[in-house]
Amino acid sequence: MTRASERGIALVGVIWGSVFVAIVAGSFVHGTRTDLRVVCNVLDAAQAEALADGGIELGLADLLAARRDRNRVWDGRPRTYRLGGEKVLVSIEDESGKVDLNAASAALLRALYLSTGIGSDDADALTDATLDWRDRDGLPRPNGAEEAAYRRADRDYGAKNAPFESVREFRHVLGVDQALYDRLAPALTVYSRRRGIDPAAAPARCWWR
């Protein structure tokens, strides 16, 4: 083998060695950037959680400080606090100002549904369907819905015949579509256990405001 051939082989080796080093370096840089993004995401999540916890503590302190103030209204209007240079909005709502799906009277439910602009017949049907969902029997009310009605509507479930466990469950009541649910959900609760509502404590965006 001539010296020129040897130099050519050595040069090729150097080139491939450089390419290999470049590939390794590129992979290292890419991996480092990915790791940095992961670390940043973890830090951001930890900071957000800390701010949320701080906001809850401030809200609780506000509640305790105002417990003797009978005129204080908790209607969901946000209050602004500063934590570590960050702005935190804290919203507190009194559940007694909402319609309890498990305790509200038929008249209150019907008034709530009429407030959305649906017709009288639809409001009657939705009221009875709500009552049929939460009662413990399988007998439909005059305008209500038990298992047979859900089957006719191609649902793979029937009325629960038990109390609502969450407001989200209201979405499954026959006659409730996503648009209606989104409009009504802010006015609903399962925690107040009241047949009526306290208008003074109602969320600011509710119909009785």
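The criterion of at least 3 residues that are under 25 Å from the mean Cα position of the chain (by Cα) and not hydroxyl-bearing (Ser, Thr, Tyr) is met by the following helices (runs of 4 or more DSSP H) wholly inside the stretch 118-209: 120-134, 178-184.
Kindly indicate the residue of the stretch 58-100 that is among the acidic types (Asp, Glu) and at pLDDT 70 or above and also surrounded by the most Cβ atoms within 10 Å (Cβ to Cβ) among those meeting that condition. Selected residue: Asp100.
The values are calculated or read from the model by the stated rules, or taken from the named source; none is laboratory data. None of these values were measured; they are calculated from a predicted model. Glycine gets a Cβ as well: all are built from the backbone with ideal geometry, and neighbour counts include every protein chain shown.
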